[in-house]
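Notes follow once the structure below has been shown.
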Amino acid sequence: MEYQEITARDLASQAKAVCSDGKFNLTAMFANDERSINGCFAIYCIFAGEGIFKGLKAVLNSEERLEFSSLTPCFPAAAWYEREIHDLFGLVPIGHPDLRRLVLHENWPLGLYPLRKDFAVDMHVPEANTPYPMVSVHGAGVFEVPVGPIHAGIIEPGHFRFSQSGEQIINLDAKLFFTHRGIEKGVEGLPIELAAYRAERICGACSVSHAISYAQAIETMAHIHIPPQAEYLRVLVAELERLYNHVGDIGNLCAGVGFAVGISHGSRLKELLMRLNERLTGNRFLRGMVIPGGVSQDISPDFSREIQNTLDNLADEFVEMMGLLHDNSAFLDRVNRTGILSRHAALDLGVVGVAARASGIDSDMRRDHAYSIYKKLKFTVPVQTSGDVAARLWIRADEVEQSLQMIRQILEEMPGSQGGLKVDIPQIKPYSSGLGWSESARGSNLHWVMVGENNGIYRYVVRSASYPNWPAVTVASPGNIIPDFPLINKSFELCYACLDR
Amino acid sequence: MINILKKIIYTGIVTEKYDGGQVPASFRGEVVVDNKVCSDCQVCAMVCPTKAIIITGQEMIVNHNACIFCGRCVQHCEAQQIRHSDNYKLATLSGSLADHTGNLLAERIRDILGRSLHIRHVDVGSCNACDFEMGALSNPIYDLQQYGIDFVPSPRHADMLMVTGVVTRNLTQALLMTYEAVPNPKIVMAVGACAASGQVFGSSYAVRGAVDELVPVDIYVPGCPPRPQALLYGLLLAMDKL
């Protein structure tokens, strides 16, 4: 992929030109400390549209002021990307309306930028008490409800600050990045093969998607093609991942309305899928299958039949379970018209995946930027327009059917392992970069990798589906009553681990 | 309504007894080594992504708390002497529960907590895989409540903390405050390789390390993530109910 090189002060105007009135949308934005290569910091912007990606690379000379023109006033999707760049690199987006901290919390001192190359990964960082203001509404009768980071259920950590007037949510501010593990910094210098284990462990529920995105970024850089059987097996596990997520998430949505029968059936069917995953790959989260250069293991024809039989049974049960929701007026009353995300807001925020498709945005990386064997598979992309909890639920149900059909095609057309299962990664030209992407159960996962000397990682960037979607939760919640927030949150079903890294 | 009742009746009881589910042949469990023909190449220790293998003189020790069960050592062993067995029962006791016989403290804790155990979950930086497996314990197949164990919403109602993830800088305060809020006597379980070893993501500015670097840990459950039966094994081991 080529990047058009520009100066940092032209970033906003050039981004507008690339966008060409909405034909291309900002889909990722990140910085890189390239001072040891060319004396500069760089800010990369990746735009997606019309089936291709376009890249901008804004250069900041490290001798000059470390500033660039903010994209946020024109591209709201850039708001969090720029705050993160500001936190981790100390590059200042001029004109950004909200430069509060994002990734680093109160405990981090001012003026230390951990993703710069002159910050040693294991450097001792003193405790600090830097302000981290939350947005709240003031006025007669308005009160605040703070929730988290430790929640009542078995959920990942995040802090939510509701401004309430009675039961109505007036405003919601989210403080996230509690599980920030510094994965991008931690892999710098690691060999490609070892970094793959960490890529696979960014998130449990998106393990396969992350592993595929990472592997494809590496394979693009190395100019290699993996064996056909490996492509089929990758897509097989990717669709199995989507299946267990969607089935489990639909069950969890029932928990949001207290519908116990739905919870039980959803979690039971998910368990059957997790057990299938374990029989297939040795790990219930399908870990260990996708590796850079191919896959680690093959499946036997007998096992193909076992998969098909398991899924055939599951398909019937799933239809019955969905029937319990479709016919249930008490359930429909809770999910219809709850937590509406307008198409306009979804476009502005660059929302992806199920959340985008539920708000009338017809996008799916598997079709629009077809990778691996998705071009050969017949499938449709379900789209709804109401943008509410119900729409996100029905989209998942439709996608379960599509995934089941895709898996059937994969098992029938699998070419066999005579062409091998993996190819070796050759020495990659130092300081070349590659972009890999895949569509997880939550939306597009983009990984950008730059290698240094001897196939070691120089810079690793992960833009998960949850990244553009989290701000949408705070947009969809106001106007609803606070007891509906868990339901709205579950309908987006975002990963904290994916976002925080 | 009639459809709901029909579905419930036709599905029947799906709950399994502990140890009821089969372990598939492909499962990557305990790392087992046959030292007899080790060629002493030490490749296993070098290729391990989490530095879980330590070689001291003639002996190779696998620290299962740090193992992510990826199979890399098995693939790289020149003498082909390393394999994954199907054993997932790898939980170990430590701290106040470690001494099985005669330890008054352990007995006292089990007297108090042994009949029913209430658990609060704390995610201190997990990838959510361990969290989902904990959640699976409440599904109708494992039905955790059949053992007198349940998850509770507040640490003040809890006897035990189940901690998932490597302790991040941003969750340190939450872990310490939650631990503090649990009434005595209390026990802590470190769930999965991140919590038990802190080595999965290496060292970085954003992580503090394993859970036992901040609070005392009484049970370690290896796995990446531990399968639900491995968690059950750890819980029943702690309650002395096996």
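Each value in this text was obtained by applying a stated rule to the coordinates, not by laboratory testing. Keep in mind that this is a model prediction, so the values were computed, not measured. When we count neighbours, we look across all protein chains shown, and the Cβ atoms used for this are built from the backbone with ideal geometry, even at glycine.
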Residue list for the range A:256-291, restricted to those being small (Gly, Ala, Ser) and either out of contact with any helix residue (DSSP H, G or I) (no Cβ under 7 Å at 6 or more places or on another chain) or more than 7 Å from chain B (Cβ to nearest Cβ) (or both): A:256, A:258, A:260, A:262, A:264, A:266, A:282
The lone exception for residue A:406 - which of (1) touching an Asp or Glu at 6+ places or on another chain (Cβ under 9 Å); (2) closer than 26 Å to residue A:30 by Cβ; (3) not small (Gly, Ala, Ser) it fails: (2)
Test: residue in the range A:155-169 that is closer than 26 Å to residue A:489 by Cβ, facing chain B (nearest Cβ under 9 Å) and of a type outside the set (Val, Ile, Thr): yes
Residues (touching a helix residue (DSSP H, G or I) at 6+ places or on another chain (Cβ under 7 Å) and surrounded by 21 or more Cβ atoms within 10 Å (Cβ to Cβ)) located in the range A:80-96: A:80, A:91, A:93
Residue tally, condition touching a Lys or Arg at 6+ places or on another chain (Cβ under 9 Å) and assigned to a strand (DSSP E or B), over the range B:110-158: 2
Among the residues listed as A:184, A:188, the single one being part of a helix (DSSP H, G or I) and of a type in the set (Asp, Glu): A:184
Test: residue in the range A:81-95 that is free of Cβ contacts under 8 Å to residues at least 24 places away in the same chain, aliphatic (A, V, I, L, M) and within 12 Å of chain B (Cβ to nearest Cβ): no
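Please pick out the residue among A:110, A:102, A:26 that is under 21 Å from the mean Cα position of the chain (by Cα) and part of a loop (DSSP other than H, G, I, E, B). Show your work before the answer.
Details: A:110 fails: under 21 Å from the mean Cα position of the chain (by Cα); A:26 fails: part of a loop (DSSP other than H, G, I, E, B).
Result: A:102 is the single residue among A:110, A:102, A:26 that is under 21 Å from the mean Cα position of the chain (by Cα) and part of a loop (DSSP other than H, G, I, E, B).
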Per-region count, the range B:176-193, residues assigned to a helix (DSSP H, G or I) and of a type outside the set (Ser, Thr, Tyr): 6
Selection within the range B:216-242 - touching a strand residue (DSSP E or B) at 6+ places or on another chain (Cβ under 8 Å), hydrophobic (A, V, I, L, M, F, W, C) and surrounded by fewer than 20 Cβ atoms within 10 Å (Cβ to Cβ): B:237
In the range B:123-153, residue nearest to residue B:11 (Cα to Cα) [restricted to those that are more than 7 Å from chain A (Cβ to nearest Cβ) and free of Cβ contacts under 8 Å to residues at least 40 places away in the same chain]: B:138
